[in-house]
Amino acid sequence: MFKQVRSAILLSALAVAVPVVRAQSTVALSWNSTSPYGQSNGDFTLVQGTYGYAMAFTADSSSSPTATYSEEFGSLVQHCPEIGYIAALIPQSGVIPETYILEWVDPTITLPEGSSTNSLVPAPGGFVSTLGTGIFKGIEVDNTGVFAWVNETSAQDGGVQYWIVTTPDSTTC
């Protein structure tokens, strides 16, 4: 009896230590936006952020970030160029309305309170945030336009709203 219990505990521990990651296909990430003046779209390029790499807007990038959504962990995991980094929405201290910059971070890094690595979820054609009723938009950080989630409506932002767009990708790093 004792051996069976000990074996069951050992097997349970191994199952936790070596989880199976179920994931969708690897996708390339790009952006589009809509406003009262029309629509825009483009690619992302990675720029150094506070905790990892932020996604900056570019009209043309030779290597857009690619990622896979891990259903097991509820995280968006980068495939290229920083293999294994995860998407994190990181709150910006003292900014009103509440603003979170999307950064790709090493999963072992300690993030500030209020950060989320599991609030980006797949939606038809892209990803959405589960943080609340806010919108994605571009904000300026150190004179660079980066992708962020802001707790406001598109009407409060003059009718402008951004999206993360996904397209199937089989790029190898």
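The values are calculated or read from the model by the stated rules, or taken from the named source; none is laboratory data. Not measured: the values here are computed from a predicted model. We place every Cβ from the backbone using ideal geometry, glycine too, and count neighbours over all the protein chains shown. Each accessible area value is taken on the protein alone, full model and side chains, heavy atoms only, with ligands, DNA and RNA left out. Shrake-Rupley method; radii C 1.70, N 1.55, O 1.52, S 1.80 Å.
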- Query: How much accessible surface does residue 109 have with a 1.4 Å probe, in Å² rounded to 10?
  - Reply: 70
- Query: Taking the Cα-to-Cβ direction at residue 73 and at residue 152 and moving 7 Å from each Cα, how far apart do the two end points lie in nm?
  - Reply: 3.3
- For the range 57-173, what % of the accessible area comes from carbon and sulfur atoms, probe 1.4 Å? 49
- Derived scalar couplings ³J(HN,Hα) [the range 140-157; Karplus, 6.51 cos²θ - 1.76 cosθ + 1.60; whole Hz; x for Gly, Pro]: 8, 10, 6, 6, 10, x, 10, 7, 8, 10, 10, 7, 8, 9, 5, 5, 5, 9
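Residue 96 to residue 142: extension gain in nm, 0.36 nm per residue of separation minus the Cα-Cα distance?
Numbers: separation 46, 0.36 × 46 = 16.56 nm, distance 1.76 nm.
Full extension of this stretch gives 14.8 nm more.
State the extension gain, in nm to one decimal, for the chain segment bounded by residue 80 and residue 40, taking 0.36 nm per residue of separation less the distance between their alpha-carbons. Before the final figure, lay out the partial values.
Working: separation 40, 0.36 × 40 = 14.40 nm, distance 2.41 nm.
Extra length from residue 80 to residue 40 when fully extended: 12.0 nm.
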- Query: Roughly how many Å² is the accessible area per residue of the range 44-173, as a whole number, for a 1.4 Å probe?
  - Reply: 50
- Item | Nearest-0.05 FRET efficiency for residue 123 and residue 59, computed from C-beta distance (R0 25 Å) | 0.55
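Could you order 95, 121 by accessible surface area, starting with the largest, using a probe radius of 1.4 Å? Show your work: numbers first, answer last.
On the way: 95 65, 121 35 Å².
If we order 95, 121 from most to least accessible, we get 95, 121.
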- Query: Just how many % of Cα pairs in the range 35-173 lie over 27 Å apart, if you round to the nearest whole percent?
  - Reply: 15
